[in-house]
1. Can you tell me which residue among LYS125, LYS129, LYS140, LYS145 is within 30 Å of GLU26 (Cα to Cα), at pLDDT below 95 and out of contact with any Gly (no Cβ under 9 Å at 6 or more places or on another chain)?
2. Taking region 35-56, which residues are touching a residue at least 40 places away in the same chain (Cβ under 8 Å) and either out of contact with any strand residue (DSSP E or B) (no Cβ under 7 Å at 6 or more places or on another chain) or of a type in the set (A, V, I, L, M, F, W, C) (or both)?
3. Check region 63-76 and report whether any residue there is part of a strand (DSSP E or B) and modelled with pLDDT of 95 or more.
4. Considering only region 42-60, I want to know if a residue exists there that is farther than 21 Å from GLN25 by Cα, charged (D, E, K, R) and part of a strand (DSSP E or B).
5. Going by what's in this entry, would ILE141 be described as assigned to a strand (DSSP E or B) and surrounded by 16 or more Cβ atoms within 10 Å (Cβ to Cβ)?
6. For the structure I just gave you, tell me whether VAL150 is open to solvent by less than 80 Å² (accessible area, probe 1.4 Å), touching a Lys or Arg at 6+ places or on another chain (Cβ under 8 Å) and of a type in the set (A, V, I, L, M).
7. Of all residues in region 91-124, which are part of a loop (DSSP other than H, G, I, E, B), surrounded by fewer than 17 Cβ atoms within 10 Å (Cβ to Cβ), touching a residue at least 40 places away in the same chain (Cβ under 8 Å) and not polar (S, T, N, Q)?
Amino acid sequence: MSDTIRTFIAIELPEQIIDSIGRIQERLQPYGFKVRWVRPQNIHLTLKFLGNIQKMQTEKIHQAIFESARGFAPISIAAKGIGAFPSIKRPRVIWVGLAGQINQLQKLQKALDEKLAANGFPKEKRKFKGHLTLGRVKNKIDPKKLLEAVKEFAGFESEPFVTDTVALFKSELKPTGAVYTKLNETSLMAS
């Protein structure tokens, strides 16, 4: 039995937000993009992907999450619009963006990244851009068609929701798709 597990730190989404994002995925289907869509129940807001870690490191990670969360009140955000990474011309990921207290979300992610770096986890090289992954592109997509879709959903915005917890998840890759298991959860609590 392996002592390593694949992990990430994320914010779970309320059911009504997952439902509205699922409807966006359904409305994107007729575009015929060759995309491996994320199952709606697996959509989350990743703050930090850790990759493979030793199981014994989970306590240190939980402590870093706890210390980071202590300085933050619950954060109000909404899902808004769609886009692609790294660009519309060369998409690898199709995502839903975020609106609301994005500055607070970025500060939380930065605090988390710094606490984890102090515990030996590499800092993020790229600037954090909060998003919700809809799907991963399998084959080339016509940029004109993708731009059409981005324009069609530019006005999409979910109702705001308050996020008050951050969780550590285990990710198991299976032929049927990823299976996520919550290992622990910490409440945001302004001190």
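The values are calculated or read from the model by the stated rules, or taken from the named source; none is laboratory data. On a predicted model such as this, the values are computed, not experimentally measured, just so you know. With ideal geometry, Cβ positions are generated from the backbone for all residues, glycine too; neighbour counts draw on all protein chains shown. Remember, those area values only see protein heavy atoms, side chains included, never the ligands or the DNA or RNA. Shrake-Rupley method; radii C 1.70, N 1.55, O 1.52, S 1.80 Å.
1. On the way: LYS125 fails: within 30 Å of GLU26 (Cα to Cα); LYS129 fails: out of contact with any Gly (no Cβ under 9 Å at 6 or more places or on another chain); LYS145 fails: out of contact with any Gly (no Cβ under 9 Å at 6 or more places or on another chain).
Only one candidate qualifies: LYS140.
2. Once the filter is applied, which keeps residues that are touching a residue at least 40 places away in the same chain (Cβ under 8 Å) and either out of contact with any strand residue (DSSP E or B) (no Cβ under 7 Å at 6 or more places or on another chain) or of a type in the set (A, V, I, L, M, F, W, C) (or both), region 35-56 yields VAL35, TRP37, VAL38, ILE43, LEU45, LEU47, PHE49, LEU50, ILE53, MET56.
3. Applying the first criterion (part of a strand (DSSP E or B)) to region 63-76 yields 75-76.
Filter once more, keeping what is modelled with pLDDT of 95 or more: 75-76.
Looking for residues that are part of a strand (DSSP E or B) and modelled with pLDDT of 95 or more, one finds at least one in region 63-76, hence yes.
4. In the first step, residues of region 42-60 are kept if they are farther than 21 Å from GLN25 by Cα; the result is 47-60.
Retained after the next criterion (residues that are charged (D, E, K, R)): 48, 55, 59-60.
Keeping just the survivors that are part of a strand (DSSP E or B) gives 48.
Yes, that holds for at least one residue.
5. Working: assigned to a strand (DSSP E or B): no; surrounded by 16 or more Cβ atoms within 10 Å (Cβ to Cβ): yes.
So ILE141 does not fit the description; no.
6. Details: open to solvent by less than 80 Å² (accessible area, probe 1.4 Å): yes; touching a Lys or Arg at 6+ places or on another chain (Cβ under 8 Å): no; of a type in the set (A, V, I, L, M): yes.
Criteria not met by VAL150.
7. Once the filter is applied, which keeps residues that are part of a loop (DSSP other than H, G, I, E, B), surrounded by fewer than 17 Cβ atoms within 10 Å (Cβ to Cβ), touching a residue at least 40 places away in the same chain (Cβ under 8 Å) and not polar (S, T, N, Q), region 91-124 yields ARG92, GLU124.
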